[in-house]
Every structure is written in C-alpha cells, then in structure tokens.
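> Following this message is one structure expressed as structure tokens.
The values are calculated or read from the model by the stated rules, or taken from the named source; none is laboratory data. This one's a predicted model, so the numbers in the text were calculated from it and none came from an experiment. We place every Cβ from the backbone using ideal geometry, glycine too, and count neighbours over all the protein chains shown. SASA here: full protein model, heavy atoms, side chains in, ligands and nucleic acids out. Shrake-Rupley method; radii C 1.70, N 1.55, O 1.52, S 1.80 Å.
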Amino acid sequence: MRRPIIAGNWKMNNTKQQTKELLTDLIPLVADAEAEVVICVPYTSLWQAGDMIRGTNIKLGAENVHWADKGAFTGEISADMLLEQGVEYVVIGHSERRQYFGETDQTVNARVKTALAKGLKPIICVGETLEEREGGKVEEVLVRQTTEALKDVDKDALDKLVIAYEPVWAIGTGKTATAQDANDTIAIIRDTVAKLYCEKCAQEKLRIQYGGSMNPKNAKELMAMPQIDGGLIGGASLKAADFSQVVKYNG
Ligand code: PEP
C-alpha cells in the first residue's frame, strides 16, 4: 500500500569526482531494487548526479530549498533552480539545519509550502533531542513539529511528501532507536497526521521514514516494522555497497 522509500542524505560530502565514482558503483547495485531510491546530494553535485542517474531507477534530491521565488537571499537556492537540475525530492528541516542554521518550525513550514507549490516532494525531518527524550517530551515535540510543518498544507499533498522521523541523538552517532521504539514513535506522527487530516489519509497516503544510524545490519529489522516506510540514510549512503544493502534490505 505504501511503497518503501530509501533516501540517501549525502550532507556536505562528495566532490564532483567523488560523486562520479560513488554513482558509477551504486547505479548497477540498486538497479533491481523494489524500494523507491533517492539520493539527496549537495547543490554542486546535482548536475553530475542528475546526468548520471537519468534513465535509471534512482531519483534526485536536494538538501534544502528556500521559500522565496528569488531575491536577495545570499547562499540560498530556489525551487525553480532545483527543478531546472531535475530535482524531485528535497530534504527540509533536517536537525543539522535546525541545530546549526536557525531552522525553525515556521521556516520549515514555509519551505514545505513552497516546495509543494512548485512540484517538489519534501522529505520533512522531525525528531527529538536526547534532552527532550530524557525529559519525557517526545510526543509533545513530535506533535508540535509535525503540526507546524504541515500548517496550511492540503490533504491532497500527503502522498507527495514524506516525513522522516530522525531522533537527533541517533544521527551520525552509531546509536539507533530500537525497531520497536522507532515504530511506536512513528505511530505518534501518523496519529498526529490522522487527527490533522483523516485516518485513511494517514494510513494510506503518508510515508514515514526512520533515520538515525540506519545501516546494512539494522535495516531489515527496522523495515519489518509496520509503521516504518523507509529510511533516510546519512553515513551509510556514502558507500555504494552499504547504501545498496540498505536499499535492498530484504535481500
Ligand atoms: C541523516 O543525516 O539524516 C542521518 C540519519 O544520518 P546517519 O544515518 O549518519 O545517522
């Protein structure tokens, strides 16, 4: 019903040459994948990656998008600029953006609305910090982040966006939420969306990924959970062999 989607988030990694090397290895390895495969790459690699994956089953993603059409926003990038490069998906509200670059629930919402209006598919990141988890605030944080991100977003957009549940304490740390814990927490997000829209839309339309140190060893167990529709993969997406094993988590 909900097709699994595995997306790599390269972050600030891979020059043009490294992009070429990684994709040369990756493309044949994932050619027969059942899951939808996406790579979200730095702006400087978009052209190279887009050119190499054209005609394959890998889809192109970016790591951010500005909410304005154009203008005096030094260092930012617009939806039209991304579309021109063949971008289909865009990561919005990654915890590193929230932590280091002043991203807020409001700017996440602004980016999401622009992305959708322009025909880009947002991968919206939500997740609690360790402090919030230890303070018993997981539900409160996730309900708030999800509700704010989707403010004024139409029900029809739910199958054009993806939510990535990424507990901040699990990103790049080697610590993974247990499969059961990830599943139960994602259920909170789905329930929030059900309350905002409708039960059927949340169950049938919305895909929710898990992200946080997902790798070839834990992918199968995580993907077996009924609430988990895919993964947003950081470190393990930088090695073709590792990423392809996550993409083909069943094999
Ligand atoms: C991420 O960057 O979204 C991520 C989940 O990173 P990692 O897989 O390295 O924890």
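> Residues to consider are 3, 54; find the one that is in contact (Cβ under 8 Å) with a residue 60 or more places away in the chain and open to solvent by 50 Å² or more (accessible area, probe 1.4 Å).
3
> Next up: Does segment 64-85 contain any residue that is within 16 Å of the ligand (Cβ to nearest atom) and farther than 25 Å from residue 157 by Cβ?
no
> Out of all the residues in segment 22-50, which are among the polar types (S, T, N, Q) and buried (at least 23 other Cβ atoms within 10 Å of the Cβ)?
45
> Residue 19 passes all but one of (1) open to solvent by less than 10 Å² (accessible area, probe 1.4 Å); (2) in contact (Cβ under 8 Å) with a residue 40 or more places away in the chain; which number fails?
Only one criterion is unmet by residue 19, namely (2).
> Continuing with the same structure: Which of the helices (runs of 4 or more DSSP H) contained wholly in segment 142-251 include at least 3 residues that are open to solvent by 30 Å² or more (accessible area, probe 1.4 Å)?
179-196, 199-204, 240-247
> Would you check which residues across segment 164-202 are away from the ligand (no atom under 15 Å from the Cβ) and within 15 Å of residue 144 (Cβ to Cβ) and list them?
Selection gives 188, 189, 191, 192, 193, 195, 196.
> State whether the residues of segment 73-84 include one that is among the β-branched types (Val, Ile, Thr) and in contact with a His (Cβ under 8 Å, 6 or more places away or on another chain).
Yes, the conditions are met somewhere in segment 73-84.
> Identify all residues within segment 191-224 that are of a type in the set (A, V, I, L, M) and under 18 Å from the mean Cα position of the chain (by Cα); write none if there are none.
Result: 193, 202, 206, 208, 214, 219, 222, 223.
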